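Peer 1: Got a structure here, written out as C-alpha cells. Questions coming.
The values are calculated or read from the model by the stated rules, or taken from the named source; none is laboratory data. All values derive from a computational prediction rather than experimental measurement. In this analysis, Cβ positions are derived from the backbone assuming ideal geometry, glycine residues included, and neighbour counts consider all displayed protein chains.
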Amino acid sequence: MTEWTMSGALNRALRDALDDDPRVVVFGEDVGRSGGVFRVTDGLQASFGDRRVFDTPISEAGIVGAAVGLCFAGWRPVVELQFDAFSYPAFEQIVDHLAKMRMRVRARVDIPVTIRIPSFGGIKGKEHHGESPETYYAHTAGLKVVAPSSALDAYRLLRRAIEDPDPVIVLEPKARYWSKETGELSADGPGIGEARIVRSGDDVTLVAYGGMLTRTLDAAAALAEGGVSARVVDLRSLAPLDDDLLARCARETGRVVVVHEAPRSVGLGAEVAARVMELAFDHLQAPVGRVTGWDVPYPPAALEQHYLPTVERICEAAQAAVSY
Amino acid sequence: MSHVSEAGSGAAPARILSVDGDPVGDVDVGLGPDDLRELLRWMVVARRLDRECIALQRQGELTVYPGFEGQEAAQIGSAWALASQDFVWPTFRELAAALVRRVDAVQYLQYHRGTWHGGPYDPRATRFGPICIPIATQLPHAAGYALGQLLDGTDTVTLAYFGDGSTSEGDFHEAANLAGVWRLPLVLLCQNNGWAISVPTAEQTAGEIWRRAEGYGFPGVRVDGNDVLAVYAAARDAVSRARRGEGPTLIEAMTYRIGAHSTADDASKYRDETEVEAARAVDPIRRFRTWLVSTGVADDAFVAACDDEAEAFAMQVRAGVIATPPPPVEWMFDWLYAAPTKAFERQRDEALR
C-alpha cells in the first residue's frame, strides 16, 4: 500500500494516460519545464518529451481552442488552465465550441478534451485564485464536470475523464493537493455520473464535494458525538448528478443538507435540492438545507474562513434538519 | 471617407491584373488554361448561387443569409491553392470556398435553412471545418488542427478565413501568436471587405492588418483580393511555405462586401451608395473574364456555358434546399454526447414522449 498525495496521484494519472494512449497530449501554462504550479505535471516532459507535454503561451482561449482543433486531427488533449478564474478567458471556447462541437458536426468528430482546473479556495490565495466555477460549466450542455475530494478518487476521476469520449472539466481542489490517502491507484470503481457514500448514517444525508468534503466528514464525526447519525455523500460528479443515489439517500434518511463553498444563489446546492424534491418529496421530513459560501466575491485570505462553510455551520444545519 | 479610396493610402496590394483586366504583373502563376477557366467558372457559379440564396431568404426558405458578392476572387483564388488533404476553417461567409472544396451546397445551406447548426456536411471528409459565426473563434481551432499535423509529421496545410473585424478579437491574436511560436503550417487569410456589419475598417484598426504578422514573427502580405490571380499566387506561396515547414503566413486580401452584412441589415443606413458603385467597377469576375477572353484562354462560348451552368446549378440547389425537411426532434439529443449519461437519456425520453 502506498501513500499518495492528491497532486502525486493526479501526476500518476497523467503519466499512465500518456503511457496507455499515444494520442494523449498534455499542455498548458508552465506544465512542461516547471511541472506545473501545483506539481501535477512534474517530470512528465522529461519522460514523454516536449511533443507530448508542452508549455503554451499565456493564452487560455488559445489553449482550449487548440484542443478543439487537435480533436479534428485525432488527438486526445489534456489541458491545464492554471487557476479557476483563469478559465474565464477561455469561457467562449468552452461554452460555444468545446461543449457543442460534437453535436454541430453530427458526431463526425469526438471531442475527448479534458480540462484540468485547480479550483476553489482555502489556501490563502490572491484574488481570482479561490473561485468555484462549477455552476458555469455544470450549466452548459455538452460538458461533464467532476470534482475529486481525495487522492485515490482523483486518480480514478482523471483517468476516467481522459478516457471519456466527451469533454470533461476536472475541478481539482487546491486545498486538497497535499492531502494524503493510502491505497492502490485504480481507474476502476464509480465513474463519471456516480456519487459515493463515504460515511454511513441514518438521520441525515450531508452532500459535499471537492475541498468541502473533509470538513463535512469532520462535521459528521462531531454530530455523532451528539447522537446524530449523519451519512456523507461525496458528489464527485457535478454534471451529470447521480440522481439515483441522491434520491435513495433522501428516502432513507429523510433529511438532506448540501455543502459547497460556491456562493449560494444558483449554486449546485439549488440543483441538488430540486432533484431531491422531485424524486423523494414524500420521504422528506425537513426542507433541504444549504451550507454555502456567501453571495459575495471570494474574500481576501484574512477573511476566507468567514466565507467558507465551517464544521459549526454544517452541524447547525444538520441539527436544524433533524429537529425540524 | 470610403474604403475604396482609403485602400490606396496604405501599402499597395500586390496585383497581377488591373481593374480593367490588363496584366500589370506576372500572369504566369503556374496555372494552365484548364485551371484558369475553372477559376472563372467557379466564380460565376458561386455568384449566381449567392444571389439565389438571397432570393431564397426573401422567400422564407432560408433564415438570415450572409452574402459574399464581391469576394469571389478572394475565396476561390485562395481555396484553389490548396491540395486535397489540406483543411479549411471558415467563417459563415465562405460558401464560395466551400463550393471549390466540393462541400455539397444543399448540405451546407441547411445551416442557413435553420435545420442544423455548425454544418451537416462531414468536416473530415470534406476537409472543411464547421461554419463559425462567433468572430475569430475558428482561428484557435485552426491553430490546434495545424499543431496536430505538425505533431503527426504530415504535409497537410491548414487555411483559416476571417474578416477585418475578426482582427480586433483576442482569439485572432491568440491564434496568430500560437502559430508564430509553434511555427505552424497555417495560412491566415483575412478577407478585408471594408466593413464589419456597419463599422468600416478604419474604425476597426488604426494599422494595416497584414503588417501585424511581423509582430508575430512570420511574413504578412497584402494582395488585391479582387484579383483572383494575385490571391492565388499569394496563397500558393503561403501554402508552399507551410508545407515546407517554414511556418505561417498572414494574407490580407483587400476586397469589398457589395451586399449588406446579411439579409437582416440595410447597408444604406451606414454606407454611401457611391462607395458600392466604385466597388462594382472593380468587379473581380469582369476583370478576370476580360483578361481570359483577351488572351484566348476562354471564348464567348465558354463564358455563356458558365452562365448556363451557374443557372442550372442554382436551380438544382434551390430545389434541394426547398426539399429539405425539418429535422426530427430526437436530433436535439442524438449527437451531443458520445457517452450519454442516464440522466441525459431520461430527459431525452421525457422530451420525446
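Peer 1: If you scan region B:133-152, which residues turn out to be more than 7 Å from every other protein chain (Cβ to nearest Cβ) and crowded, with 24+ Cβ neighbours inside 10 Å?
Peer 2: Result: B:ALA136, B:GLN138, B:LEU139, B:ALA146.
Peer 1: Any idea which of A:VAL24, A:VAL40, A:VAL79, A:VAL95 is β-branched (Val, Ile, Thr), farther than 22 Å from A:ALA187 by Cα and in the same structural domain as A:LEU157 (by TED's automatic domain parsing)? Spell out how you get there, then give the answer.
Peer 2: On the way: A:VAL24 fails: farther than 22 Å from A:ALA187 by Cα; A:VAL40 fails: farther than 22 Å from A:ALA187 by Cα; A:VAL79 fails: farther than 22 Å from A:ALA187 by Cα.
Going through A:VAL24, A:VAL40, A:VAL79, A:VAL95 in turn, just one is β-branched (Val, Ile, Thr), farther than 22 Å from A:ALA187 by Cα and in the same structural domain as A:LEU157 (by TED's automatic domain parsing): A:VAL95.
Peer 1: Now a separate question. Among the residues of region B:100-132, what is the count of those that are within 9 Å of another protein chain (Cβ to nearest Cβ) and either in a loop (DSSP other than H, G, I, E, B) or under 27 Å from A:ALA90 (Cβ atoms) (or both)?
Peer 2: Within region B:100-132, the subset within 9 Å of another protein chain (Cβ to nearest Cβ) is B:116-125, B:129-132.
Those still in the list that are either in a loop (DSSP other than H, G, I, E, B) or under 27 Å from A:ALA90 (Cβ atoms) (or both) too: B:116-124, B:129-132.
Residues that pass the stated criteria total 13.
Peer 1: Would you please list the contacts, defined by Cβ atoms under 9 Å and residues six or more apart or on different chains, that run from a residue in region A:237-252 that is facing chain B (nearest Cβ under 8 Å) and in contact (Cβ under 8 Å) with a residue 40 or more places away in the chain to a residue that is part of a helix (DSSP H, G or I) and small (Gly, Ala, Ser)?
Peer 2: Pairs that qualify, where the first residue is facing chain B (nearest Cβ under 8 Å) and in contact (Cβ under 8 Å) with a residue 40 or more places away in the chain and the partner is part of a helix (DSSP H, G or I) and small (Gly, Ala, Ser), are A:PRO240/A:ALA138; A:PRO240/B:ALA343; A:LEU241/A:ALA138; A:LEU241/B:ALA343.
Peer 1: While we're on this one: Among the numbered criteria (1) among the aromatic types (Phe, Trp, Tyr); (2) closer than 24 Å to B:HIS117 by Cα; (3) in contact with a Lys or Arg (Cβ under 9 Å, 6 or more places away or on another chain), which single criterion is violated by A:TYR136?
Peer 2: With respect to (1) among the aromatic types (Phe, Trp, Tyr); (2) closer than 24 Å to B:HIS117 by Cα; (3) in contact with a Lys or Arg (Cβ under 9 Å, 6 or more places away or on another chain), A:TYR136 is out only on (3).
Peer 1: Got at least one residue in region A:165-173 being within 30 Å of A:ALA99 (Cα to Cα), assigned by TED's automatic domain parsing to the domain that holds A:LEU10 and surrounded by fewer than 24 Cβ atoms within 10 Å (Cβ to Cβ)?
Peer 2: Of the residues in region A:165-173, the ones within 30 Å of A:ALA99 (Cα to Cα) are A:165-173.
With the extra rule that they be assigned by TED's automatic domain parsing to the domain that holds A:LEU10, the set shrinks to A:165-173.
If we keep only those that are surrounded by fewer than 24 Cβ atoms within 10 Å (Cβ to Cβ) too, we end up with A:165-166.
Checking region A:165-173: at least one residue is within 30 Å of A:ALA99 (Cα to Cα), assigned by TED's automatic domain parsing to the domain that holds A:LEU10 and surrounded by fewer than 24 Cβ atoms within 10 Å (Cβ to Cβ).
Peer 1: Next question, about the same structure. Looking at A:VAL288, is it farther than 17 Å from A:ALA230 by Cβ and in contact (Cβ under 8 Å) with a residue 12 or more places away in the chain?
Peer 2: On the way: farther than 17 Å from A:ALA230 by Cβ: no; in contact (Cβ under 8 Å) with a residue 12 or more places away in the chain: yes.
In short, no.
Peer 1: Could you please find all residues in region B:210-247 being closer than 23 Å to B:ASP272 by Cβ and either more than 16 Å from the chain's Cα centre (by Cα) or not in a strand (DSSP E or B) (or both)? Steps first, answer last, please.
Peer 2: Here is the first cut: in region B:210-247, the ones closer than 23 Å to B:ASP272 by Cβ are B:224-226.
Selection gives B:GLY225, B:ASN226.
Peer 1: Search region B:160-184 for residues that are assigned by TED's automatic domain parsing to the domain that holds B:VAL88 and more than 13 Å from B:TRP89 (Cβ to Cβ) and pair each with any residue that is of a type in the set (Gly, Ala, Ser) and part of a helix (DSSP H, G or I) when their beta-carbon atoms are under 6 Å apart and the residues are at least 6 apart or on different chains.
Peer 2: Sorted first by the residue in region B:160-184, then by its partner, the pairs are B:GLU174/A:ALA61; B:GLU174/A:GLY62; B:LEU178/A:GLY62; B:LEU178/B:ALA143.
Peer 1: Right, here's the next one. For region B:330-352, state whether one or more residues are more than 14 Å from every other protein chain (Cβ to nearest Cβ) and not in a helix (DSSP H, G or I).
Peer 2: Just the residues of region B:330-352 that are more than 14 Å from every other protein chain (Cβ to nearest Cβ), to begin with: B:352.
Within this subset, residues satisfying the condition of being not in a helix (DSSP H, G or I) are none.
No, the conditions are met nowhere in region B:330-352.
Peer 1: So is B:TRP80 facing chain A (nearest Cβ under 9 Å) and either under 24 Å from B:ILE258 (Cα atoms) or modelled with pLDDT under 95 (or both) or not?
Peer 2: Working: facing chain A (nearest Cβ under 9 Å): no; either under 24 Å from B:ILE258 (Cα atoms) or modelled with pLDDT under 95 (or both): yes.
Criteria not met by B:TRP80.
Peer 1: On the given criteria, is B:GLY119 surrounded by 24 or more Cβ atoms within 10 Å (Cβ to Cβ) and in contact (Cβ under 8 Å) with a residue 12 or more places away in the chain? Can you show your working first?
Peer 2: Values: surrounded by 24 or more Cβ atoms within 10 Å (Cβ to Cβ): yes; in contact (Cβ under 8 Å) with a residue 12 or more places away in the chain: yes.
For B:GLY119, the condition - surrounded by 24 or more Cβ atoms within 10 Å (Cβ to Cβ) and in contact (Cβ under 8 Å) with a residue 12 or more places away in the chain - is met.
Peer 1: Test of understanding: among A:ARG196, A:ARG176, which residue is surrounded by fewer than 19 Cβ atoms within 10 Å (Cβ to Cβ) and among the charged types (D, E, K, R)?
Peer 2: Numbers: A:ARG176 fails: surrounded by fewer than 19 Cβ atoms within 10 Å (Cβ to Cβ).
Step by step, each of A:ARG196, A:ARG176 is checked, and only A:ARG196 is surrounded by fewer than 19 Cβ atoms within 10 Å (Cβ to Cβ) and among the charged types (D, E, K, R).
Peer 1: Here are the criteria: (1) among the aromatic types (Phe, Trp, Tyr); (2) in contact (Cβ under 8 Å) with a residue 60 or more places away in the chain; (3) buried (at least 24 other Cβ atoms within 10 Å of the Cβ). Tell me which single one B:TRP80 does not satisfy.
Peer 2: B:TRP80 satisfies every listed condition except (3).
Peer 1: Still on this structure, please answer the following. Considering only residues that are farther than 26 Å from A:GLY183 by Cα, within 14 Å of chain B (Cβ to nearest Cβ) and either among the β-branched types (Val, Ile, Thr) or not in a loop (DSSP other than H, G, I, E, B) (or both), which ones fall in region A:117-169?
Peer 2: A:ALA138, A:THR140, A:LYS144
Peer 1: What's the number of the only condition in (1) in contact with a strand residue (DSSP E or B) (Cβ under 7 Å, 6 or more places away or on another chain); (2) under 30 Å from A:ASN11 (Cα atoms); (3) surrounded by fewer than 22 Cβ atoms within 10 Å (Cβ to Cβ) that A:ASP203 fails to meet?
Peer 2: Condition (2) is where A:ASP203 drops out.
Here is a yes/no grid of residues against (1) modelled with pLDDT under 95; (2) closer than 14 Å to B:LEU17 by Cβ; (3) not assigned by TED's automatic domain parsing to the domain that holds B:GLU52:
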{"residue": "B:ARG243", "(1), (2), (3)": "no, no, no"}
{"residue": "B:GLU246", "(1), (2), (3)": "no, no, no"}
{"residue": "B:ALA264", "(1), (2), (3)": "yes, no, no"}
{"residue": "B:ALA267", "(1), (2), (3)": "yes, no, no"}
{"residue": "B:ILE285", "(1), (2), (3)": "no, yes, no"}
{"residue": "B:CYS306", "(1), (2), (3)": "no, no, no"}
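Peer 1: Quick check: anything in region A:187-209 in a strand (DSSP E or B) and within 14 Å of chain B (Cβ to nearest Cβ)?
Peer 2: Quick first cut of region A:187-209, residues in a strand (DSSP E or B) only: A:196-199, A:204-208.
Imposing the further condition that a residue be within 14 Å of chain B (Cβ to nearest Cβ) reduces the set to none.
Looking through region A:187-209, none of the residues is in a strand (DSSP E or B) and within 14 Å of chain B (Cβ to nearest Cβ).
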